[in-house]
1. Measure off 7 Å from each Cα along the Cα-to-Cβ vector at Glu127 and Ile171, then give the distance between these two points in nanometres to one decimal.
2. Starting from the Cα of Lys172, draw a straight line to each of the aspartates and glutamates and keep only those under 15 Å, dropping any in the same chain fewer than 8 residues away.
3. I need the calculated FRET efficiency for the pair His73 and Ala44, taking r as the beta carbon distance and R₀ as 30 Å, to the nearest 0.05.
4. Between Val53 and Arg66, what is the label-point separation in nm under the 7 Å Cα-to-beta-carbon projection?
5. At a 10 angstrom cut-off on C-beta neighbours, averaged per residue, how do the peptides 120-133, 176-189 rank from highest to lowest?
6. Taking 0.36 nm per intervening residue step and subtracting the Cα-Cα distance, what contour gain separates Lys89 from Ala154 on full extension?
7. Between Val110, Ala136, Val77, whose Cα lies farthest towards the positive end of the dipole of the stretch 72-196 when Lys and Arg beta carbons carry +1 and Asp and Glu beta carbons carry -1, centred on the Cα centre?
8. At 20 °C and 1.002 mPa s, grab the translational diffusion coefficient of the stretch 72-196 from Stokes-Einstein with a Kirkwood Rh over Cα pairs, rounded to a whole number in µm² per second.
Amino acid sequence: MKTWDWVLAGCCVAWLLGLIWIGHPENDLLKALWSQNMAAWVQALGSIGAIGVAIWVSHRDSLKARAAEKRRHQDDVLAWESALLHSVKLVSNVDRMMGANGNATWDEKVVDRLIQTASKVLDLYLELPPPSTALAFSLTTARGHIRQARNAIAALIEMHPRARAYAAQEIKERLKAARAVRESRTALDELVNQYEAGLL
């Protein structure tokens, strides 16, 4: 039991013992008070007890509301952190898929969809009120890095078919897209490290 529960229980026991003592047949001194003013005393004690119970219930509800608000805030923070880490993981997987030099065989449209998914996850969260300014800053910065990578991949997808005929031009664009993803991954990793260290 919590402190307020013990206080309330003690008050109830004291009230009952007081009534028993006042009403005891061997108590001649208070026998006259019992018969003349008993109704007033019972009403007064009942009113005091009711006020005490009302204060206790209000305090208990206030504590429960604060605890629920704290849990909701913690859940929001975890959800936002999860969105950030999920997006970073997607970009990291895309970076691995593209290869360090950009010459690995990868489908531009699949890569674009993955990067787009990471961006959309952050967009959804950034439409909501953030639980902290550090998380809002982190997600906004992450979205900017992901958009840079996405723009480089979109430029590769939109390459004119004639330009694709020249292998050198396509390799150049693939390298550019791979570099953009690598830079985004590095920036996102640094951002997560700063967030986890409490530097944001």
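Nothing in this text is a laboratory measurement; each read-out follows from the coordinates by a stated rule. Note that the structure is predicted; figures quoted are calculated from it, not measured. A quick note on method: Cβ atoms are made from the backbone with ideal geometry, for glycine too, and the neighbour counts reach across all protein chains shown.
1. Rounded to a tenth, the inter-label distance reads 4.4 nm.
2. By straight Cα distance, Lys172 reaches Glu108, Glu158.
3. Rounded to the nearest 0.05, the efficiency is 0.10.
4. With each label point 7 Å from Cα toward Cβ, the separation is 2.5 nm.
5. 176-189, 120-133
6. 21.4 nm
7. Of the listed residues, the answer is Val110.
8. On the way: Rh = 15.0 Å.
So the translational diffusion coefficient is about 143 µm²/s.
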